[in-house]
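I have placed the structure first, in the form of structure tokens, so that the comments after it can refer back to it.
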Amino acid sequence: MKHHTIDQLKQVAHIDTARRNPMSRAERLTRWAELLEAEPHRRLATLHQTEYQALSVRRTMRCAGSPISVAFEDPILREQGLADDTYGEAKRFFELTDAQLHGALCYCHYGATVQAATAARHVRAAMKPGLFRRLQAFFIR
């Protein structure tokens, strides 16, 4: 691979250096789900027993080829601020709960691998408000 500076590349191509507007939580989750759905039958690695790990360990958990890795491979999500493919970073960046992440990528549900389409369903489900939020919205108007 030959490396060039930005100035050299600008001579042969138009380079858009303007940063995109920040994506909303829903947009980030939708993008992740779409990336997973692009290869629905792809087998992705799961994380082992996330619910039993200490918080400090859980934050740094990662596995090559996981659903989180699919998100991290995307240049747009990285540009939006996804720093790595760890459990803790996915929780922060996508604003997910431990329960939501557990459902999407824990070994105890799927074994060593999960189909990308299954992980995508869990990511999309995270966009819907839970029972507590629906009740809260109903009673607090």
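In table form, for the structure just shown:
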| item | result |
| --- | --- |
| Local net charge near Ala38, Cβ-Cβ under 12 Å (Lys/Arg +1, Asp/Glu -1) | -3 |
| Neighbour-count ranking [beta-carbon atoms within 10 angstrom, fewest first] of Met61, Met23 | Met23, Met61 |
| Likely footprinting exposure, Glu51, Glu27, fewest C-beta neighbours within 10 Å first | Glu51, Glu27 |
| For the range 23-139, the Rg and Dmax computed from alpha carbons only, in angstrom | 13.7, 44 |
| Sorted by Cβ neighbour density within 10 Å, fewest at the top, the residues Thr46, Thr118, Thr97, Thr113 | Thr97, Thr113, Thr118, Thr46 |
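Since every read-out is calculated from the coordinates, none of them should be taken as a lab result. Treat the numbers as computed from the prediction; the structure is a model and nothing was measured. Backbone-built Cβ (ideal geometry, glycine too); neighbour counts: all protein chains shown.
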